[in-house]
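Heads up: the structure comes next, in structure tokens.
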Amino acid sequence: MKRLAAVAVLLLAAAALAGVARPDGSRAADTPAAPDPPRTITVSGSGTATSTPTRASISFGVQTQDPSAKAALAQNARDMQQVLDALKKAGAQEIQTQSVSLSPTYGDNGQLTGYSASNTVSVTVTFGAAGATIDAAVGAGANQVYGPSPLIGDLEAQYQKALADAVANARARGEVLAKAAGETLGPVTSVVEGGSSFTPMPYAKTASADAGTPVVAGPQDTTASVTVTFQLG
């Protein structure tokens with residue numbers, strides 16, 4: 001019994017010493033307070049880069065109809081071959097077939113009247129040759145024209161310029177907002193890319209026996225947007 005009592009006394013003494021080593025009421029080490037979250041401001045910005053395209057993509061189609069499906073398709077093939085020859089002669093590049101279709105046609109009473117065959121190709125031309133290429137294709141038998149759609153060879157470079165402009169725009173907006181709030185704009189903490197868009201040019205397409213088709217390349221806008229978060233200093 002004396003030995004058990006002695007052990008109990010030693011345990012109580014150790015507990016007392018431990019309590020002395022921990023001066024706070026909870027007997028635990030002090031936990032540092034969490035730092036305040038940084039103060040930030042988030043703004044959006046947009047940018048634009050302008051360039052004038054030098055090349056264009058144009059699609060040409062030939063549509064033929066005949067009571068016989070075989071005859072409609074055969075006539076369509078002959079007409080399209082003439083268009084292809086005219087396009088090559090006009091200097092068109094990257095000529096490729098987009099679609100070939102054959103479908104039945106019906107009258108007002110719902111009865112089968114024949115078949116319609118269609119063949120569409122796309123080409124790449126310079127803007128300077130776009131009008132003459134359209135005239136050549138229509139003269140060879142094309143009865144459908146789509147385009148021209150501008151092609152910008154340095155589209156990625158233009159987009160990067162627009163992105164840089166968008167970030168600068170966001171910073172300018174952030175400085176205005178920070179100053180109005182009595183703050184100072186600090187470093188960037190995050191940037192989120194918002195995407196891009198390309199504004200095609202409007203064009204007029206006319207065709208006559210007396211005048212060529214006018215096609216004029218105009219300035220094209222590539223735009224970008226970003227969302228930027230700045231720290232307030």
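Can you name every residue in the stretch 148-165 that is among the polar types (S, T, N, Q) and farther than 29 Å from residue 134 by Cα? Result: 160, single match.
Say whether the condition of being in contact with a Pro (Cβ under 7 Å, 6 or more places away or on another chain), under 21 Å from residue 216 (Cα atoms) and surrounded by 13 or more Cβ atoms within 10 Å (Cβ to Cβ) is met by at least one residue in the stretch 109-116. Looking for residues that are in contact with a Pro (Cβ under 7 Å, 6 or more places away or on another chain), under 21 Å from residue 216 (Cα atoms) and surrounded by 13 or more Cβ atoms within 10 Å (Cβ to Cβ), one finds none in the stretch 109-116, hence no. Being within 30 Å of residue 118 (Cβ to Cβ), in the same structural domain as residue 79 (by TED's automatic domain parsing), touching a residue at least 24 places away in the same chain (Cβ under 8 Å) and surrounded by fewer than 17 Cβ atoms within 10 Å (Cβ to Cβ) is the requirement here; does residue 139 meet it? Here the answer is yes, as residue 139 does meet what is asked. Among the residues of the stretch 127-150, those that are modelled with pLDDT under 95 and touching a helix residue (DSSP H, G or I) at 6+ places or on another chain (Cβ under 9 Å) comprise 147, 148, 150.
Among the residues making up the stretch 181-233, a single one is assigned to a loop (DSSP other than H, G, I, E, B), among the charged types (D, E, K, R) and modelled with pLDDT of 75 or more: 183. Quick check on the stretch 40-56: of everything there that is part of a strand (DSSP E or B) and β-branched (Val, Ile, Thr), which residue is farthest from residue 92 (Cα to Cα)? In this case the residue turns out to be 40.
The values are calculated or read from the model by the stated rules, or taken from the named source; none is laboratory data. The structure displayed is predicted, hence computed values, not measured ones. Reconstructed Cβ throughout: ideal geometry from the backbone, glycine too, with neighbour counts over all protein chains shown.
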